[in-house]
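Below: one structure, written as structure tokens.
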Amino acid sequence: MPSGRPHQRNDPSVMAGRGTALSVVPRPGLIARIWHWRYESGLVAGVVLGTAGIGITLGPGWLITTTVAVLATGAGTLTWPASRRYLIARAWCVITPHRIRTGRTHAWVPTRDGRLPVVLYTVPADFGERVWLWCRAEITGADLATARDILRAACWASDVRVVVNDRRSHIVVLEVIRHVPGSGPEPDDGAGPGEPSFHSGLGHHWPLS
């Protein structure tokens with residue numbers, strides 16, 4: 001009878017095993033859900049509180065005027081290319097962590113007790129987004145590199161590259177590539193065509209030196 005964790009999480013022969021078939025990723029708790037949806041919750045709360053505050057203190061007339069002004073400002077912002085690119089990049093920084101959590105679950109990248117890597121934060125990049133993950137014990141950068149195809153599809157991206165650091169191997173950066181920057185050659189990371197960019201040592205974008 002097979003025991004222990006599979007060496008390749010996405011291997012079909014492993015997925016058919018009893019250990020994998022019986023493994024269940026638990027639903028996140030209340031605090032985790034609040035953390036996962038903090039941006040959306042803050043936006044909804046801000047809109048509701050702002051609407052209620054203006055309507056109660058200034059009256060319906062000011063509420064209508066403020067709503068029209070906000071919509072006009074938003075429409076004007078979206079027509080300006082620089083601001084539109086900024087807003088789209090920030091929106092992807094909110095969407096991508098949700099997609100990565102979904103991809104990790106389906107790629108079977110939890111610990112033995114079903115806990116997933118923690119998404120620390122996401123920042124925009126010229127090619128897409130960089131996502132910092134805190135890998136729990138039993139999870140390595142190699143596990144995420146094995147699940148790269150599933151993560152790429154889950155993130156609706158052209159590619160996903162895994163970047164690890166020898167000094168802090170529990171921190172892994174996922175580079176979610178949505179488009180190739182228009183200027184400058186891509187850095188030579190030693191990976192062949194279609195292979196993950198699996199670095200070691202201090203990368204040029206590593207912020208924790």
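Residues in the range 81-120 that are of a type in the set (Gly, Ala, Ser) and touching a strand residue (DSSP E or B) at 6+ places or on another chain (Cβ under 7 Å): Ala89 only.
Taken across the range 130-141, residues that are free of Cβ contacts under 8 Å to residues at least 40 places away in the same chain and over 23 Å from Trp35 (Cβ atoms) do occur, with at least one present. Whether any residue in the range 70-84 is of a type in the set (D, E, K, R) and under 30 Å from Ala147 (Cβ atoms) is what I want to check. No; the residues of the range 70-84 include none that is of a type in the set (D, E, K, R) and under 30 Å from Ala147 (Cβ atoms).
Does Glu40 qualify as being among the acidic types (Asp, Glu) and modelled with pLDDT of 85 or more? So Glu40 passes the test. Scanning the range 129-158 for residues being assigned to a strand (DSSP E or B) and over 13 Å from the mean Cα position of the chain (by Cα) gives a total of 0. The residue that is surrounded by the fewest Cβ atoms within 10 Å (Cβ to Cβ), counting only those in the range 104-134 that are touching a Lys or Arg at 6+ places or on another chain (Cβ under 9 Å) and of a type in the set (D, E, K, R), is Arg112.
Just the residues that are in a strand (DSSP E or B) and not acidic (Asp, Glu), please, taken from the range 162-182.
Val162, Val163, Ile171, Val172, Val173, Leu174, Val176, Ile177
Here the condition is being surrounded by 12 or more Cβ atoms within 10 Å (Cβ to Cβ), out of contact with any helix residue (DSSP H, G or I) (no Cβ under 7 Å at 6 or more places or on another chain) and either modelled with pLDDT of 85 or more or at positive phi (or both); of Ile64, Ile56, Ile100, it holds for Ile64 alone. Looking only at the range 74-86, decide whether some residue is under 28 Å from Val163 (Cβ atoms) and under 14 Å from the mean Cα position of the chain (by Cα). The answer is no, given that none of the residues of the range 74-86 is under 28 Å from Val163 (Cβ atoms) and under 14 Å from the mean Cα position of the chain (by Cα).
The values are calculated or read from the model by the stated rules, or taken from the named source; none is laboratory data. Since this is a predicted model, take the numbers as computed values, not measurements. Please note: Cβ atoms are built from the backbone with ideal geometry, for glycine as well, and neighbour counts cover all protein chains shown.
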